[in-house]
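For reference, the structure discussed in these notes is given below.
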């Protein structure tokens, strides 16, 4: 890193600290002064400061979700229900995979049923396993029968997604979900089996 780059990095870190500090001391004016900062992580810290002091507005949320840098958009999604008036579903189509993963978490946390079609698509077809896992978790959080086929499909995916699907199944009351949950007792992954045992309150005796 060049000397100028090192100095810029140190300056940005200082501004992030100042933005975060504003949230701890309740200085809204100071926090807002960093919302237009050139560094995306400083902007995200400023938004977090406003959320901490319960002074963030729907306009602040919309600006963060439309930020040109994925780091700020992702951080906004990670704030979930604490971010007022936010429509996280718009970021389920984001070109950045880390943003999609965080947006899935957020729509699940706010139980946005209108996002179900997009979540089903992500859980079923997204090329990134973390996005599929987050979408399955969101479908479970929303708990709609509409998401059940995608959750069931998750039982054929990677182990971490199967574990997430087990938990999601427990949130949906139907004979099909109950049968699928019992089927997980014989899954080839011991953590999937353990999750099913815990939810069903049974012990198979497998290690």
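A short reminder: the numbers here are calculations on the coordinates, not readings from a lab. Since we're looking at a predicted model, the values are computed, not measured. Cβ placement follows ideal geometry from the backbone for every residue including glycine, while neighbour counts extend to all protein chains displayed.
Structure values in brief
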item	result
Relative contact order for the stretch 59-174, counting Cα pairs under 8 Å that sit 6 or more residues apart, in percent	19 percent
Value at 222 nm in deg cm²/dmol, rounded to 500, when DSSP H runs of n ≥ 4 in the chain each add -39,500 (n - 2.57)	-19500 deg cm²/dmol
Cα-based helix-to-principal-axis angle, 116-125 vs the chain, degrees rounded to 10	70 degrees
Nearest-ten-degree value, helix 97-109 long axis tilted from longest Cα axis of the chain	70 degrees
Segment residue 190-residue 124, extension gain: residue separation times 0.36 nm, minus the distance between their alpha carbons	21.4 nm
Folded to 0 to 90 degrees: helix 190-200 orientation relative to the chain principal axis, Cα	80 degrees
The chain: most fluctuating residue of 14, 74, 182 per GNM, C-alpha cutoff 10 Å	14
For percent of Cα pairs over 29 Å apart, calculated from these coordinates, the label among [x] 38; [y] 46; [z] 20	[x]
Potential extension, residue 59-residue 200 segment - 0.36 nm per residue separation minus Cα distance	46.3 nm
Full-stretch length increase - residue 12, residue 82 - with 0.36 nm per residue and alpha-carbon distance subtracted	22.7 nm
For the chain, built as a Gaussian network whose Cα springs stay under 10 Å, the top-fluctuating residue of 87, 178, 60	178
Exposure proxy order (Cβ contacts within 10 Å, fewest to most) of 105, 88, 34	105, 34, 88
